[in-house]
Amino acid sequence: MSKSSGSAITPIEQQDVGQVTTKSDTATVAIQVLQGKSKKGFFARLLPFLGPAFIASVAYMDPGNFATNIQGGAQFGYMLLWVIVASNLMAMLIQSLSAKLGIATGLNLAEHCRERFPPWLVWIMWALMEIVAMATDLAEFLGAALGFNLLFHIPLLAAGILTAIITFVILGLERYGFRPLEAVITAFVGVIALSYLAEMIMGRPDWGQIGYHAVVPQFSGTESVLLASGILGATVMPHVIFLHSALTQGRIVTRDPGQLRRLFRFELLDVVIAMGAAGLINMAMLIVAASTFYAEGLTNVGSIEEAHRTLTPLLGSASSWIFAVSLLASGLSSATVGTMAGQVIMQGFLRRHIPPWLRRLVTMIPSLIVIAIGLDPTRTLVISQVVLSFGLPFAVIPLVYFTSKKEIMITLVNHRVTTLVASVVAALIVALNMFLLYQTLFGGE
């Protein structure tokens, strides 16, 4: 791969993370739209640009989010809905910057770090991000394994191996271009959304309270502040920031400044739609917990297994089955996305090409080992989120820095207001993650 040397567009190396050249049908149609040659309706013109953000959005409804949102709803009812709304707005901003970096430069975030930072820092960042990728896979594999276990009573280790096999199959779709993989991930997101829509209908929530707490900030004691910090601080995952820039860097390629701006506007809509859906699903998770567990006085429901078991007497057997299906869809989709992120991290930081199956296996093995030795799934999910906190500054800070540089971004450089807001958001996210990390490690002493 050639160095960018300050150029806005650089030669794009073929990646095995779902990128293809502009010869694909989808990319060809997209270029026609950007050139103003398409006479189709707005949605038909938007469709070729939808996809990357839907893959990235999976990280915002992974099994770790299940545990956090269930605990928040069970303990405090609808009170912390506003935290999810605020978190989602921050996620939209960060993910739009990540998508813009890939579009404007033809390089992903890891590649920019490799080319602009000293080698010693690059190696440290790579090692840290590999640990982050493994921690990510740990949470996702555990979630999918729990889904298989709750649905089919498959032992966790066998369920983890089954998750690995299915993940390989899904990732194998990359050889057919980016569209099939995007379609499968979007279908998983749809399953999660429909599952929680059904759960909400069964739970009969208080819509007046939902509307109020979605926009009015409120706390109730130290525990609610800590839990809100957990929800907000763990929302923006470092691995998906790296991944999103890789998903857009070679998906649709243009060098024309006007077309670049139009391309980013379409991708911004992709981010708003996908992240908006993810936010609604997260709100639905908390709403279901609030309308069932909190309403019945079951404020101590804190694990995924307890939530599944307790839903049956409250809403009937169908509700617990739907919950398990949504967890399985979440685990499988997020495990796939986490493995893709591992590919981007190794290839971007080190410029090393190793067999794709080997790269994928590296991040899966620790997850299977943890399942095999029988660690508590919910506790392990929490620890994995703490590990992710270490890597967050190394993703958010470089992203804001690179996208604010005219010599890097050229046409798509951040507006000063965008950089200011993104810097505040980055500082807040990092501070909350560090606070959450401190409380997790030392809060009980």
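Annotations for the structure displayed:
- Test: residue in the stretch 85-97 that is in contact (Cβ under 8 Å) with a residue 24 or more places away in the chain and within 17 Å of E407 (Cα to Cα): yes
- Residues (under 20 Å from L194 (Cα atoms), among the small types (G, A, S) and under 19 Å from the mean Cα position of the chain (by Cα)) located in the stretch 37-95: G51, A53, A56, S57, A59, G64, A67
Residue-by-condition table, conditions (1) basic (K, R); (2) in contact (Cβ under 8 Å) with a residue 60 or more places away in the chain:
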{"position": "A135", "(1), (2)": "no, yes"}
{"position": "F141", "(1), (2)": "no, yes"}
{"position": "A145", "(1), (2)": "no, yes"}
{"position": "L150", "(1), (2)": "no, yes"}
{"position": "I154", "(1), (2)": "no, no"}
{"position": "I166", "(1), (2)": "no, yes"}
{"position": "V169", "(1), (2)": "no, no"}
{"position": "R175", "(1), (2)": "yes, no"}
{"position": "R179", "(1), (2)": "yes, yes"}
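- Among residues of the stretch 261-272 that are in contact (Cβ under 8 Å) with a residue 12 or more places away in the chain, those with a beta-carbon under 6 Å from a residue that is among the polar types (S, T, N, Q) and in a helix (DSSP H, G or I) at least six positions away or on a different chain give the pairs L268/S96; V271/Q95; V271/S96.
For (1) surrounded by 24 or more Cβ atoms within 10 Å (Cβ to Cβ); (2) not hydrophobic (A, V, I, L, M, F, W, C), each residue gets a yes or a no:
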| site | (1), (2) |
| --- | --- |
| S229 | no, yes |
| Q249 | yes, yes |
| G258 | no, yes |
| R262 | no, yes |
| G276 | no, yes |
| G279 | no, yes |
| I287 | yes, no |
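- Screening P217 on (1) out of contact with any Gly (no Cβ under 6 Å at 6 or more places or on another chain); (2) buried (at least 16 other Cβ atoms within 10 Å of the Cβ); (3) over 30 Å from R114 (Cα atoms); (4) in contact (Cβ under 8 Å) with a residue 60 or more places away in the chain shows it passes everything except condition (2).
- Every condition in (1) of a type outside the set (F, W, Y); (2) surrounded by 24 or more Cβ atoms within 10 Å (Cβ to Cβ); (3) assigned to a helix (DSSP H, G or I); (4) out of contact with any Gly (no Cβ under 6 Å at 6 or more places or on another chain) holds for M90 except the one numbered (2).
- L97 being under 21 Å from S320 (Cβ atoms) and not hydroxyl-bearing (S, T, Y): no
- Scanning the stretch 248-281 for residues that are touching a Pro at 6+ places or on another chain (Cβ under 9 Å) and either part of a helix (DSSP H, G or I) or among the polar types (S, T, N, Q) (or both) yields T248, F266, E267, D270, V271, A274.
- Filter pass, L34 being surrounded by 19 or more Cβ atoms within 10 Å (Cβ to Cβ), modelled with pLDDT of 80 or more, more than 18 Å from the chain's Cα centre (by Cα) and not aromatic (F, W, Y): yes
The values are calculated or read from the model by the stated rules, or taken from the named source; none is laboratory data. Everything numeric in this text was worked out from a predicted model, so none of it was measured. Cβ coordinates were reconstructed from backbone atoms using ideal geometry, including for glycine residues, and neighbour counts include every protein chain displayed.
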